[in-house]
1. Taking the Cα centre as origin and putting +1 on Lys and Arg beta-carbons and -1 on Asp and Glu beta-carbons, what dipole magnitude results for segment 2-246, to the nearest 20 debye?
2. Looking at Asn203, Tyr26, Leu169, which one has the Cα that reaches farthest to the positive end of the dipole of segment 2-246 (charges on Cβ: Lys, Arg +1; Asp, Glu -1)?
3. Would you kindly give the portion of the calculated P(r) for segment 177-251 that falls above 20 Å, as a percent of all Cα pairs?
4. Order of Glu30, Glu346 from fewest to most other C-beta atoms within 10 Å?
5. Listed highest first by mean packing, meaning other Cβ atoms within 10 Å per residue, what order do 223-229, 296-302 come in?
6. Based on the Kirkwood radius over alpha-carbon pairs, what value in µm²/s does the Stokes-Einstein equation return for the translational diffusion coefficient of segment 63-149 at 4 °C and 1.567 mPa s?
7. Using the crude model of +1 on Lys and Arg Cβ and -1 on Asp and Glu Cβ, and no other charge, please compute the dipole size for the chain relative to its Cα centre, in debye to 20.
8. For segment 1-151, place one equal point scatterer on every Cα, skip the solvent, and apply the Debye formula. What is log10 of I(q)/I(0) at q = 0.10, 0.19 Å⁻¹?
Amino acid sequence: MRIALAQVNPTVGDLAGNAARAEELYARAEGESCDVVVFPELMLVGYPPEDLVLKRRFVEDNVMAVQRFAEKTRGCRAVIGFVDADGEHIYNAAALCANGVVESVYRKRLLPNYAVFDEERYFTPGPSVADHGVFTLGDSVCAMSICEDIWASDGPVTGQVASGARIVLSLNGSPFHSGKHGEREEMLIERARANSCAIVYVNQVGGQDELVFDGASLVIDPDGRVVARGASFEEDFLIVDLDADGRSTLRNAVSDHNHDIDRMHQALVLGTRDYVRKNGFTDVLIGLSGGIDSTLVACIAVEALGAEHVHGVAMPSRYSSQGSLDDAEALARNLGIDHRVVPIEEAFSSYLSMLAPSFTGREPDLTEENLQSRCRGTTLMALSNKFNWMVLTTGNKSEMAVGYFTIYGDSVGGYAVIKDVLKTEVYALCRRINERAGHDVIPDSVLVKPPSAELRPDQRDDQSLPPYEVLDPIVRLYVDGDLTVSEIVGHGFDEAIVRRVARLIDLNEYKRRQCAPGVRVSTKAFGKDRRMPITNRYSHPSS
């Protein structure tokens, strides 16, 4: 049996565009004499559709779309994801289409309701019948499966295999996070071996708001060997030949030597590209401070969109160092991007004069520091409005966690590229960029100077925060790991520092709620992935 894996980048809600892409790839599969072509989970509506599926008309339109797609099929079967409807209930489903009709429908059994998933809000589970989704194709017995169904060791696949299936066609919308690639492949190998079946795992690729889907589709034979592996972070079209038992003499698996930091970089690039383009923008604007964060965001933007679509603006104040201005200019030159300088001193001085009567008798403090950042935010948004450029914000996860950013200042913008990247990871990504390039795209001075917001004389981040080498592991344990203060202290961290960091993270929930969405690359990102109450008096007891 010849199987095609269509690893596609759909757009949520674009029923016509997604169907047209499916028809194009179906025709390709037909031309390659394939017996079946498999598309990702909810291909026709894009994943995740979220509350779009609560609109009755949207569900009806998607059902019509799958019917029209089926009408164009011939001898090659297609397994394609859509939203099925049955009275008041809707289902995450897969249609088996051939010879102009929908031959059968599989409804997803296991609905994930953790992390970024909340499918129980929308869908009804499919029937718990052992042979649900099992069909015969020539000499082969196949089964349709959708994402979560295959993750459970005692899930629907076990029953399907018991009903005779030897090849499982698994449709997926499995988002990326660091470490997911290996975790997913190990699970599929174990599942194939345990059930003595082949698994054809087709995963979506592309960015959708905060999520990034990495593709990396796989074909695993009954012995747990990788028969074929799709590309990561880009569309792909794989063809594999399997016998009735799911085995193949072909071994075209490509060794994957990517570093975890490379996968993170690819996720940031793809997430940024798709968010900008799918929302109708061509160009982006970045406030270039000469610091490490804006440097990384600029590098990612250039790779995602092309240098001609990236614009950098330096906005010096009375506290900006010449070194930082030189670093921003050097980076812009190395990347080949538009670079302009818009000093904010006049605006900052006007604000100080305007507020002087109200501030009489009070010493300068954080208020004046934040004023500079808000001058910059207003400047960026003015340029954005005038030229229709999306502003990319430059705050990292470490800063977002403890509130080390100015709300309505450096947090303004349309997309927060590195909001889920810890500061120590920012440095690792930047060093890797230079390593891959073979020369210093990023000036060495950016990598070695102490981090600073440059909002007061001789300011450094470590005057306000613990060193990032200390802060980042605490953030990871408290945010990603959901550990309490006492549990983190039990890992050997200083209790006073942990309490201080935890308090800052909790106090700044209201600020994070007002920030732009950004790429999710960790197991728990700020945003839809981590939903803590803003009003919260949990006191973190010591024991």
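Read-outs throughout are calculated quantities, based only on the coordinates presented, and are distinct from any laboratory measurement. Because the structure is a prediction, the values reported are computed rather than measured. Glycine also receives a Cβ, built like all others from the backbone with ideal geometry; neighbour counts cover every protein chain displayed.
1. That gives a dipole near 320 debye.
2. Of Asn203, Tyr26, Leu169, it is Tyr26.
3. 32
4. In order of increasing Cβ crowding within 10 Å: Glu346, Glu30.
5. Highest mean packing first, the order is 296-302, 223-229.
6. For these conditions, the coefficient is 94 µm²/s.
7. In total the dipole reaches around 680 debye.
8. Each listed q maps to, in turn, -0.32, -1.18.
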